[in-house]
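Read-outs throughout are calculated quantities, based only on the coordinates presented, and are distinct from any laboratory measurement. Remember, it's a predicted structure, so these values are computed and weren't measured experimentally. Cβ placement follows ideal geometry from the backbone for every residue including glycine, while neighbour counts extend to all protein chains displayed.
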Amino acid sequence: MSREEKRKVLLQAASEALMEYGPHKTTLDDIARRAGMSKTSLYYYFRDKNEIVRAIIQGYTEQLIDLMKQAAASKKSAEDRMFALIEARSRFLAEKTRHAPREVIQEFRSLEGVFETEKELYLRAHLDLVRGILEDGVSRGEMRPLDNLELISLVLISSMFGCDRTFAFYDRPDRMMEAMKQMNRIFFTGLRNDSGAPPAAFGQTPESGRAPEAKTPHGRRAS
């Protein structure tokens, strides 16, 4: 195998071990054993366990964002595009965590401070996607012009993140998905442009809805 192929095997083995034992209990020996490598061989690819976890997070984030983009692109209206994004995201996360014990998932949540950079990139990628859908909805005249697109995008993203834990542990994912669909419908009903007038009729464009002072949940400016 090439170096890149061995690296992928190692990351897959690490992902399986982390989901079974949790990030705190998983050792480099566990990862090496699953990957069929010696522990010393791991250092050829990564400096330590945190670097392995970081690479896994980055890989999953890239997969998730690509999946959400594809899902959103398959629909036309802003409401349908947003729900397609929400559904694809929820099913992806449920699939990745379906074999993980509850305490393991909780352990991963406790690592947010360690991987702050990755979390900020994760949030930024979601913000760009959600805001893009909302801006497109305004430009098409589906939604009324908004004064604070950035903040509204953050609120919608926060509601998605807040549903993650429930979706992972709830034993009726179909009912949970239906509830999220209703949540999305309520959200867009409140933003609907019932007059049918284009944005220009209000003297406003999607770009003028930018809210430069909006901050992420960590208090940082989402720029």
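Pairs from the table (25/96; 69/181; 69/96; 119/181; 6/119) lying more than 21 angstrom apart at Cα are 119/181; 6/119.
Between residue 116 and residue 63, what length in nm is gained on full extension when 0.36 nm per residue of separation is reduced by their alpha carbon distance?
Details: separation 53, 0.36 × 53 = 19.08 nm, distance 1.92 nm.
Here the segment from residue 116 to residue 63 would lengthen by 17.2 nm.
When the GluC sites (Glu not before Pro) in the stretch 79-149 are filtered for DSSP coil states and for at most 14 other beta-carbon atoms within 10 Å of their beta-carbon, the remaining sites are 112. Between residue 3 and residue 192, the FRET efficiency estimated from the beta carbon spacing at R0 = 45 angstrom works out to 0.25. On the principal axes of its alpha carbon atoms, the chain extends 67, 36, 33 Å, with the longest extent given first. Peptides 146-155, 175-184 ranked from most to least packed, by the mean per-residue count of other Cβ atoms within 10 Å: 146-155, 175-184. Please give me, ordered by residue number, the chymotrypsin sites (Phe, Trp or Tyr not before Pro) of the stretch 34-67 that lie in loop per DSSP and have at most 15 other Cβ atoms within 10 Å. Sites meeting the loop and neighbour criteria: 43, 44. Sites listed here are trypsin sites (Lys or Arg not before Pro) in the stretch 68-97 whose DSSP assignment is loop and whose Cβ has at most 11 other Cβ atoms within 10 Å: 76.
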